[in-house]
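*Asks:* Attaching a single structure in structure tokens format; questions to follow.
Just so it is clear, none of the values below were taken in a lab; they were calculated from the coordinates. Because the structure is a prediction, the values reported are computed rather than measured. Cβ atoms come from the backbone with ideal geometry, glycine included; neighbour counts cover every protein chain shown.
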Amino acid sequence: MQLTNRELWTLIHGMGLGALFLLAFGGGLAGFYSLRPEWLTTAGIRERIARLDVGTVVMAVVAWLTVITGTWIVYPWYRAAPPEGTTELEAYPRSYLLANENLADWHHFGMEWKEHIAWIAPYLATAVAFGAVYYGRRLAYEPAVRRLLMWVFIAAFAVAGIAGLFGALITKAAPIL
Amino acid sequence: MDVNAERADIAVTEREIVTSGEVPTAVPDGPLAAVLLAAGIGAFALGLFTTLAEASAAFRERLVLNSAVGPLSGKTVWATVIFLVAWAVLAARLRDRDGLLRSATTIFVVLTVLGLLGTFPIFFQAFAPE
């Protein structure tokens, strides 16, 4: 029961950072939704803002770490070209998928979408984190700004979700060994 | 019954009424408009690079900053540089401005949707040479 270096990085990229991302999103979304002065005391607003700042900043940092590790560490293993004459392609996921007619769309559509769309998530998450920290407690009294940030936050999560889903499905079809 | 009365007391004593003096003062929306616009510009740049790389082999080659990562290295590095530079420039220009959020949000949504379109395989692969 051992993990190779590649499996370990795939795990960190997909499950470790992915789980953190989900946690931060859950905390942040609950924070945005419930940040209403009519529901909270002054102390409650302070507590919610602190949690919201942590949730949005962690989500932004994790989004950056996920795309950086994905693109610069894991992706080169995915797209590595096999040596000339190699017939056993399992160690070369991209070539393995393209060599199988039934699996080729996992690369042509799934990977092509995932590798690009994922990079939009950190831009959106950074904008949300900045907005939450910049407005601070004032956010509770700016419902339009709060709603805007909440929807951008959800969009960042949806974009990352598409990338994460295809990442999991592609890994199932052609794991990085 | 005693327990219920106690709980009601606690609820009343812990409830603080937010007075106008405790409401934080309003801040200009320019800095938020700046980061939203920068995010939209970054997303649009990524979509544009992705589509142009599919349409032109020469452009695709120029995007290879790292041979192991391929053209994705240039697309993502340059789009991120554009996002950060746009944020810095817009933040400096819009720092004290207010009342920009509605128009900035519209531009942000349009640019982000175009960015999403440009990174959608069925769209950008339509630009691949025959």
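*Asks:* Considering only DSSP states other than H, G, I, E and B, which trypsin sites (Lys or Arg not before Pro) in region A:11-71 qualify as loop sites with at most 11 other Cβ atoms within 10 Å?
*Replies:* Working: sites: A:46, A:48, A:51; in loops: none.
Filter output for region A:11-71: empty list.
*Asks:* Moving on. Scan chain A and report its longest stretch carrying no GluC sites (Glu not before Pro) that are both in a DSSP loop and have at most 14 other Cβ atoms within 10 Å.
*Replies:* With GluC sites (Glu not before Pro) excluded where exposed in loops, chain A gives A:102-177 as its longest stretch.
*Asks:* Arrange the following residues from fewest to most other Cβ atoms within 10 Å of their Cβ: A:150, A:1, A:111, A:59.
*Replies:* If I rank by nearby Cβ atoms, fewest first, I get A:1, A:150, A:111, A:59.
*Asks:* For chain A, modelled as a Gaussian network with Cα springs under 10 Å, which listed residue fluctuates most, A:124, A:98, A:149?
*Replies:* It is A:98.
*Asks:* To continue, here is another question. Taking chain A as a Gaussian network, where each spring joins two C-alpha atoms under 10 Å apart, which residue of A:126, A:42, A:71 fluctuates the most?
*Replies:* Of A:126, A:42, A:71, the Gaussian network model singles out A:42 as fluctuating most.
*Asks:* Compute the label zone of residue A:151 within region B:90-127: residues whose backbone N is under 20 Å from the point 7 Å along Cα-to-Cβ.
*Replies:* Within reach of a label on residue A:151, which here means backbone N under 20 Å from a point 7 Å along Cα→Cβ, region B:90-127 contributes B:99-117.
*Asks:* With +1 on each Lys and Arg Cβ and -1 on each Asp and Glu Cβ, how big is the dipole of region B:27-127 about its Cα centre, in debye rounded to the nearest 20?
*Replies:* 80
*Asks:* On to the next question. How far is it, in nm, from the label point at residue B:125 to the one at residue A:99 when both lie 7 Å from their Cα along the line to the Cβ?
*Replies:* 2.1
*Asks:* Continuing with this model, one more query. Residue by residue through region B:117-123, what is 3J(HN,Hα) from phi via Karplus (6.51 cos²θ - 1.76 cosθ + 1.60, θ = phi - 60°)? Round to whole Hz and write x for glycine and proline.
*Replies:* With the stated coefficients, region B:117-123 comes to 5, x, 9, 8, x, 4, 6 Hz.
*Asks:* When you count, for each residue, the other Cβ atoms within 10 Å and take the mean per peptide, how do B:116-129, A:15-28 rank with the highest first?
*Replies:* Order by mean packing, descending: A:15-28, B:116-129.
*Asks:* Same structure again: Per residue of region A:122-139, in order, report the coupling 6.51 cos²θ - 1.76 cosθ + 1.60 (Karplus, θ = phi - 60°) as ³J(HN,Hα) in whole Hz, putting x for Gly and Pro.
*Replies:* x, 5, 5, 5, 5, 4, 5, 4, 4, x, 5, 6, 5, 6, x, 5, 4, 4
*Asks:* In whole Å, how far is the Cα centre of region A:57-127 from that of region B:35-54?
*Replies:* Region A:57-127 and region B:35-54 have Cα centres spaced 19 Å from each other.
*Asks:* Sort B:67, B:103, A:34, B:73 by Cβ crowding within 10 Å, fewest neighbours at the top.
*Replies:* B:67, B:103, A:34, B:73
*Asks:* If R0 is 35 Å, what FRET efficiency do you get for residue A:68 and residue A:43 from their C-beta distance, rounded to 0.05?
*Replies:* 0.40
*Asks:* State the Cα centre-to-centre distance between region A:146-177 and region A:1-43 in whole Å.
*Replies:* 12
*Asks:* What's the exposure ranking of A:114, B:75, A:172, going from fewest to most Cβ atoms within 10 Å?
*Replies:* A:172, A:114, B:75
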